[in-house]
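Reading through the structure tokens given below for one structure.
The values are calculated or read from the model by the stated rules, or taken from the named source; none is laboratory data. This one's a predicted model, so the numbers in the text were calculated from it and none came from an experiment. Cβ: placed from backbone, ideal geometry, glycine included. Neighbour counts: every protein chain shown. Only protein heavy atoms, including side chains, enter the accessible area calculation; ligands, DNA and RNA are left aside. Shrake-Rupley method; radii C 1.70, N 1.55, O 1.52, S 1.80 Å.
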Amino acid sequence: MVLPLVLIFVSEYFRFTSPALGLYLKLFAALLMVLISILFRKFDKNLVFFSTLFLPFLILHFFLSFNYNAATEELIRYLFPIIVLFYGYAIKENYKFLFKFLLVFLILNYIAQIFNYYFWSQGINQWFYVYTSTGRVNIPAVAGILRATGLMGFFSTFGFFNLIMYFLIDFFYEGKFKKTLMVLTVVFLFLSLSFKGIGTFLFLLFLFSNKKIKIIGIALFVSFVTFVFFPSKVAFMADNAKIRIEAYISEGNSARSESYRVMFQNTDFLFGEGLGSFGGPASTKYKSPYYDEVNFNWYGLPNLPTTDTFYPHLFIEIGFIGTLLYLFLFLVPLLRAKKLSVVYFKAILIIYFALFVDALFTYSLNNLVYLSVSLLLIPAILHYEKENKGPVSSQYSPSR
């Protein structure tokens with residue numbers, strides 16, 4: 001049942017060491033998801049209906065593409081969340097097992113990260129380091145601190161995984177060492193140094209907490225201690241944050257901000273430019289002419305594989321109506337969410353919020369790893385609530 005997930009997580013290792021093999025493993029995992037969905041024959045009628053409604057837009061924009069190879073690669077990526085949702089419905093009765101599987105995988109990530117830190121301290125090159133064509137080694141570090149990646153290879157994915165698991169453990173886990181596991185998710189989230197993940201986590205924690213003053217006090221205390229003991233690193237990170245704010249928001253001198261300019265100026269109501277034309281990896285791989293047509297400014301980084309933000313990619317490639325239909329597909333599970341208890345509503349809201357916010361900076365909505373630790377769980381959580389009429393313990397109330 002979870003073999004597709006195992007293959008997806010394993011593929012992250014090969015994404016760094018053997019990219020072609022990593023890609024094939026992901027595609028095979030997606031095919032397994034389709035096969036399991038067909039064999040289990042547990043389909044959601046709403047998902048079938050809205051997927052059928054969206055597919056003509058996808059096919060139309062496939063043929064509108066400047067290059068069918070680029071369109072084919074993007075077509076597969078567009079299908080990933082739909083496949084994950086169908087698979088999620090097929091295995092929705094196994095939420096407990098899915099949660100335990102992810103919990104075990106989370107702990108394995110922590111063990112692996114301890115080894116990552118050890119090998120880093122010894123100056124040993126590791127599998128998730130990126131090597132340039134000139135032989136230069138790019139280590140994922142900020143202010144001289146190695147970003148935590150666990151077994152996932154990428155700090156952003158690892159941080160996102162910890163963010164999601166923190167709230168799932170808080171809401172649904174009643175086993176031993178619950179508080180320890182929650183603390184570990186927070187520690188490793190911060191060690192990932194994924195600024196967007198940390199920011200999203202703090203916002204959600206503050207939003208849903210009944211102890212807001214306590215959170216503010218702890219945050220101020222930790223900030224003060226950090227500043228006292230690590231002033232140079234705090235200064236470096238503050239400068240780094242300032243640069244990011246200027247590049248992405250206040251001054252807009254980045255490919256991300258430029259992509260939003262293009263989106264607001266060029267999005268068509270009905271027709272887009274076609275699959276693979278803008279924003280995504282296929283558009284740069286096959287040298288889409290659209291960038292020249294809109295005088296796209298890469299701000300000195302012409303070799304970026306993507307524009308590093310998802311929504312402009314959608315609006316430009318499949319148009320306004322197509323984008324709304326596509327994003328609505330992610331929310332289809334909510335159409336069957338009737339009389340949802342507060343705890344389950346919070347859990348699902350957190351998953352959606354974290355996933356959609358992350359897409360402002362990454363391609364999380366078309367990434368099988370992100371989708372496997374978030375969107376996949378929603379049908380199972382809804383089914384679990386329906387069958388149990390409440391959380392694992394009906395008297396359980398989130399502790400925050």
Any DSSP H helix in the chain with Cα axial reach of 18 Å or more and mean Kyte-Doolittle score of at least 1.0? Listed by number, the hits are 3-17, 19-40, 45-63, 95-121, 155-172, 178-191, 195-208, 212-229, 310-331, 342-358
Contour minus Cα-Cα span, LEU270 to LYS96, at 0.36 nm per residue, comes to 58.4 nm
1/(1 + (r/R0)^6) with r = Cβ-Cβ of LEU53 and VAL2, R0 = 25 Å, i.e. FRET efficiency to nearest 0.05, evaluates to 0.25
Set LYS26/LYS338; LYS26/LYS196; LYS26/LYS176; LYS26/LYS346; LYS285/LYS346, cut-off 32 Å on Cα-Cα distance; pairs above it are LYS26/LYS338; LYS26/LYS176; LYS285/LYS346
Taking protein heavy atoms only, a 1.4 Å probe, and rounding to whole percent, the accessible area of the chain owed to carbon and sulfur comes out at 68
Per residue, accessible area of the range 72-202 with a 1.4 Å probe, heavy atoms of protein chains only, in Å², comes to 42
By accessible area (1.4 Å), largest first, PHE221, PHE345, PHE353 order as PHE221, PHE345, PHE353
For the chain, the dipole about the Cα centre with charges only on Cβ (Lys and Arg +1, Asp and Glu -1), to the nearest 20 debye, works out at 1500
With every protein chain kept in place and a 1.4 Å probe, the residues VAL137, VAL342 fall, from largest accessible area down, as VAL342, VAL137
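State the extension gain, in nm to one decimal, for the chain segment bounded by LEU331 and GLU174, taking 0.36 nm per residue of separation less the distance between their alpha-carbons.
Gain on stretching LEU331 to GLU174: 53.7 nm.
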Given GluC sites (Glu not before Pro), DSSP loops and at most 15 other Cβ atoms within 10 Å, the longest exposed-site-free stretch of the chain is 1-173
Calculating percent of Cα pairs over 40 Å apart from this structure picks out, from (i) 16; (ii) 23; (iii) 58, entry (i)
With every protein chain kept in place and a 1.4 Å probe, the range 280-367 has an accessible area per residue in Å² of 43
Any aspartates and glutamates whose Cα falls less than 13 Å from that of LYS96, other than same-chain ones fewer than 8 residues away, would be GLU174, GLU385, GLU387
Inverse of <1/r> over all distinct C-alpha pairs of the range 139-189, i.e. the Kirkwood Rh in Å, gives 11.7
With label points set 7 Å from each Cα along the Cα-to-Cβ direction at ASP292 and THR72, the distance between them in nm comes to 2.5
